[in-house]
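Engineer: Quick one: the structure is below, and I'll ask about it shortly.
The values are calculated or read from the model by the stated rules, or taken from the named source; none is laboratory data. Note that the structure is a prediction, hence the values are computed from the model and not measured. Cβ: placed from backbone, ideal geometry, glycine included. Neighbour counts: every protein chain shown. The protein model used for the area step is the full one, side chains on, heavy atoms only, and it has no ligands, DNA or RNA in it. Shrake-Rupley method; radii C 1.70, N 1.55, O 1.52, S 1.80 Å.
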Amino acid sequence: QVQLAESGGGLVQAGGSLRLSCTTSGGTFSTYVMGWFRQAPGKEREFVAAISWSADNTYYSDSVKGRFALSRDNAKNTFYLQINSLKPEDTAVYYCAAKRGYNLASARNYAYWGQGTQVTVSS
């Protein structure tokens with residue numbers, strides 16, 4: 001059973017940066033597509049980014065493109081979301097998730113989820 005755990009969230013001023021980590025256990029991490037989602041208070045969950053198992057391909061939603069960057073270290077079973085130029089509207093609980101497959105642009109079929117980490121951006 002794949003288990004995911006996020007870390008790295010916190011309170012940061014607008015314009016600042018954070019790096020979120022997602023550490024996995026169980027399963028064969030290197031075969032999974034890893035994604036990040038976020039959910040702001042009162043809003044639906046939003047799919048923001050995904051990275052292929054080889055890290056050769058990434059996907060970013062239009063709302064974060066240019067400010068978010070994904071990377072992964074399969075040897076450490078960890079992948080990362082670097083968030084730069086943070087805005088108050090980035091405030092949300094950020095979740096990492098894992099799925100098998102190849103369609104990075106799709107938010108569907110994520111079978112495994114972490115508990116989330118809170119990111120709060122003050123203006």
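Engineer: Where nothing but the Cβ of Lys and Arg (+1) and of Asp and Glu (-1) is charged, how large is the charge dipole of the range 1-85 around its Cα centre, in debye to the nearest 20?
Structural biologist: It comes to approximately 140 debye.
Engineer: For Phe47, what is the net charge nearby, where nearby means another residue's Cβ is under 15 Å from its Cβ and Lys, Arg count +1, Asp, Glu -1?
Structural biologist: +2
Engineer: Which of these, Ala50, Ala98, Ala107, has the largest mean-square fluctuation under a Gaussian network model of the chain (Cα springs below 10 Å)?
Structural biologist: Among Ala50, Ala98, Ala107, the largest mean-square fluctuation in the Gaussian network model of the chain belongs to Ala107.
Engineer: Using a Gaussian network for the chain with springs between C-alpha atoms less than 10 Å apart, which of these wobbles most: Gly16, Gly101, Gly26?
Structural biologist: Gly26
Engineer: While we're looking at this one, here's another question. Considering only protein heavy atoms and a probe of 1.4 Å, how much of the accessible area of the chain is carbon and sulfur, as a whole percent? Could the numbers behind the result be given before it?
Structural biologist: Values: 2790 of 6340 Å².
Result for the chain: 44 percent of the exposed heavy-atom area is carbon or sulfur.
Engineer: Also, I was wondering about something else. Label-point separation (nm) for Asn84 and Gln115, each offset 7 Å from Cα along Cα-to-Cβ?
Structural biologist: Those two pseudo-labels are separated by 3.2 nm.
Engineer: Which whole-number percent is the relative contact order of the chain (Cα, under 8 Å, 6+ apart)?
Structural biologist: 36
Engineer: Which FRET efficiency, nearest 0.05, do Leu11 and Tyr102 yield, Cβ-Cβ r, R0 41 Å?
Structural biologist: Numbers: r = 37 Å, r/R0 = 0.89.
Between Leu11 and Tyr102 the formula returns 0.65.
Engineer: How big is the Cα convex hull of the chain in projection, averaged over all directions, in nm²?
Structural biologist: With the hull built on Cα positions only, its mean projection is 6.8 nm².
Engineer: Residue farthest toward the positive end of the dipole of the chain, with Cβ of Lys/Arg at +1 and Asp/Glu at -1: which of Phe68, Met34, Pro88?
Structural biologist: Result: Met34, furthest along the dipole toward the positive end.
Engineer: I would also like to ask the following. How about the range 27-97: which GluC sites (Glu not before Pro) there are in a DSSP loop, with at most 12 other Cβ atoms within 10 Å of their Cβ?
Structural biologist: Taking the range 27-97 and a limit of 12 other Cβ atoms within 10 Å, the loop GluC sites (Glu not before Pro) found are Glu44.
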